[in-house]
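For reference, the structure is listed below as structure tokens.
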Amino acid sequence: MSVKIAIVGAGSQSFGPGIVRDIFLSDELNESGVELALMDIAPGHLPGIVSYARSVAERLGRTPRITAGTNLDDALRGTDFVITAIEVDRYRYWAQDFHVPRRYGFMQIYGENGGPGGLFHALRNMGPMLHIAYRMEELCPDAVLLNFTNPESKLCQAIFMLTEVPTYGLCHGVAMGRDQIAHLLQVEPDQLLTAACGMNHITWFQTIRDRVTGQDLYPLLREKEREATPLADWDELALSRMCLRVFGLWPSPGANHIGEYVRWSEEFLASSALQYFYDPMDGDPWDTGDIPKFIYSLGDKPTEVPLFELPGAPREAPGDEALESDGEMAVPIIESLCCGVTRQIDAVIVPNRGLIPGIDADITVEVPAVAHHGQVECYQMARLPEAVTAILRTQGSIQKLLVEAHAEGSRHKLLQAMLLDPTVHSYRNAVALINEMCELQKDLLPPLSW
């Protein structure tokens with residue numbers, strides 16, 4: 001019996017091509033037959049991904065049924081799995097999420113998942129994600145939702161609190177952290193057997209072992225970290241190295257993400273001043289339409305760019321790169337639930353329910369799991385150090401308050417969530433920020449009142 005998979009936000013350049021590729025690379029799924037529904041609210045984003053899907057299927061000798069369109073209900077009817085990767089005008093609003101809170105003295109970094117900017121990012125995507133979940137309850141009540149949309153923890157918290165849709169949030173951040181550890185240990189990542197838990201974009205490695213001998217490699221990691229050059233890969237490793245020294249565990253994925261949840265992170269991110277840089281005398285980029293370049297970190301070598309760049313670079317279409325898996329976990333979960341294949345999953349985002357001691361049962365957490373026998377079984381983790389647990393507990397309260405703010409249309413609840421954030425130091429400025437952002441982003445935010 002064939003499996004129907006709907007990709008909502010199929011035009012996503014970050015996830016769309018990789019998900020399509022993984023689906024057609026799976027022998028188990030394609031032996032049963034695949035129906036692929038590609039859905040995106042932007043019709044201009046569909047031709048490229050449709051052409052790519054057909055090309056990959058042909059190159060691999062697959063014979064799927066492929067449909068595409070802008071109607072969500074059409075994509076969801078009869079669907080077994082829904083994969084979401086959605087965003088609207090990402091960089092325009094991200095520039096606001098980053099810069100406007102900093103005007104009020106809230107020195108968050110990055111502005112995607114944590115900090116005041118992350119709150120508004122979550123509120124913009126919460127409505128569309130909940131709409132997808134509500135339509136799933138109506139049109140495909142037995143389907144499983146696999147989410148890649150950020151901010152993962154906050155959005156999954158909303159789905160868990162407000163719907164009955166079985167959902168797994170998925171992220172490759174733990175793999176990034178394992179690569180960093182392998183780099184310091186000077187071994188291949190595949191040589192490591194690891195287990196990490198926490199929340200999305202701030203997970204902590206509880207175990208690091210040699211896959212063959214079972215040796216605990218944490219003592220060697222601490223030794224190597226002390227020996228390593230202090231400035232090496234600064235933007236990627238400096239904050240994680242300091243966390244290892246202070247808290248005793250290695251976090252992932254890297255400074256941009258981890259640093260969103262702690263107040264003292266900016267001194268370990270040299271590229272902070274480069275992120276969404278623009279000259280304010282020229283006007284705000286969301287007013288002028290001249291959105292500044294997104295700089296992730298100094299690893300992007302932002303200072304090594306041409307003196308003059310051609311404007312208006314077209315949207316890139318998926319290419320004919322080598323047909324290899326991106327290592328994302330959506331398709332392995334589908335393979336297990338549909339075909340009985342056993343897959344180890346580095347990280348899934350689920351309600352805690354005792355998986356990490358010391359954190360409320362209804363808080364969304366990220367833990368390793370095994371997908372087998374038609375289910376995803378999460379591993380029971382040990383209690384994290386108290387300081388780490390305290391960081392996570394605070395973020396859990398912020399998540400729940402934010403969902404309540406959305407459900408109740410309440411700026412008051414949003415204010416409570418914001419005043420818990422480590423980067424927020426002023427009640428008056430928090431109120432003013434809420435009012436300004438609700439006006440700036442009123443086209444995408446839910447209606448919120450005091």
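Values for this structure:
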quantity: Within segment 324-338, considering residues that are in a helix (DSSP H, G or I) and not aliphatic (A, V, I, L, M), the one nearest to Thr194 (Cα to Cα); calculated: Pro332
quantity: Residue, nearest to Asn435 (Cα to Cα), within segment 85-117, restricted to residues that are assigned to a loop (DSSP other than H, G, I, E, B) and more than 15 Å from the chain's Cα centre (by Cα); calculated: Tyr104
quantity: Residues within segment 243-268 that are touching a Ser or Thr at 6+ places or on another chain (Cβ under 9 Å) and acidic (Asp, Glu), tallied; calculated: 2
quantity: Of residues in segment 240-265 being more than 21 Å from Leu217 (Cβ to Cβ) and outside any helix (DSSP H, G or I), the one nearest to the chain's Cα centre (by Cα); calculated: Val262
quantity: Some residue of segment 27-37 being modelled with pLDDT under 95 and hydroxyl-bearing (Ser, Thr, Tyr); calculated: yes
quantity: Residue within segment 102-112 that is surrounded by fewer than 16 Cβ atoms within 10 Å (Cβ to Cβ), farther than 19 Å from Gly11 by Cα, of a type in the set (Ser, Thr, Tyr) and out of contact with any strand residue (DSSP E or B) (no Cβ under 6 Å at 6 or more places or on another chain) present; calculated: no
quantity: Filter result for Val50 (farther than 21 Å from Arg343 by Cβ, of a type outside the set (Phe, Trp, Tyr) and touching a strand residue (DSSP E or B) at 6+ places or on another chain (Cβ under 6 Å)); calculated: yes
quantity: Criterion violated by Ile295 - all others in (1) β-branched (Val, Ile, Thr); (2) exposed (fewer than 12 other Cβ atoms within 10 Å of the Cβ); (3) modelled with pLDDT under 90 satisfied; calculated: (2)
quantity: Some residue of segment 326-333 being loosely packed, with under 12 Cβ neighbours inside 10 Å, at pLDDT below 95 and aliphatic (A, V, I, L, M); calculated: no
quantity: Helices (runs of 4 or more DSSP H) within segment 339-450 that include 3 or more residues among the hydroxyl-bearing types (Ser, Thr, Tyr); calculated: 386-408
quantity: Which listed residue, of Gly354, Gly358, Gly340, is at positive phi and surrounded by 14 or more Cβ atoms within 10 Å (Cβ to Cβ); calculated: Gly358
quantity: Extreme residue, nearest to Gly118 (Cα to Cα), among residues of segment 398-414 that are touching a helix residue (DSSP H, G or I) at 6+ places or on another chain (Cβ under 6 Å), without any contact (Cβ under 8 Å) to a residue 40 or more places away in the chain and not acidic (Asp, Glu); calculated: Leu401
quantity: Sole exception among (1) modelled with pLDDT of 95 or more; (2) within 23 Å of the chain's Cα centre (by Cα); (3) assigned to a helix (DSSP H, G or I) for Glu236, by number; calculated: (1)
quantity: Of residues in segment 24-79 being touching a Phe, Trp or Tyr at 6+ places or on another chain (Cβ under 6 Å) and not in a loop (DSSP other than H, G, I, E, B), the one surrounded by the fewest Cβ atoms within 10 Å (Cβ to Cβ); calculated: Ala57
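The values are calculated or read from the model by the stated rules, or taken from the named source; none is laboratory data. Predicted, not measured: the structure shown is a model, and the values here were computed from it. Positions of Cβ are generated from backbone atoms using ideal geometry, with glycine treated the same way; all protein chains shown enter the neighbour counts.
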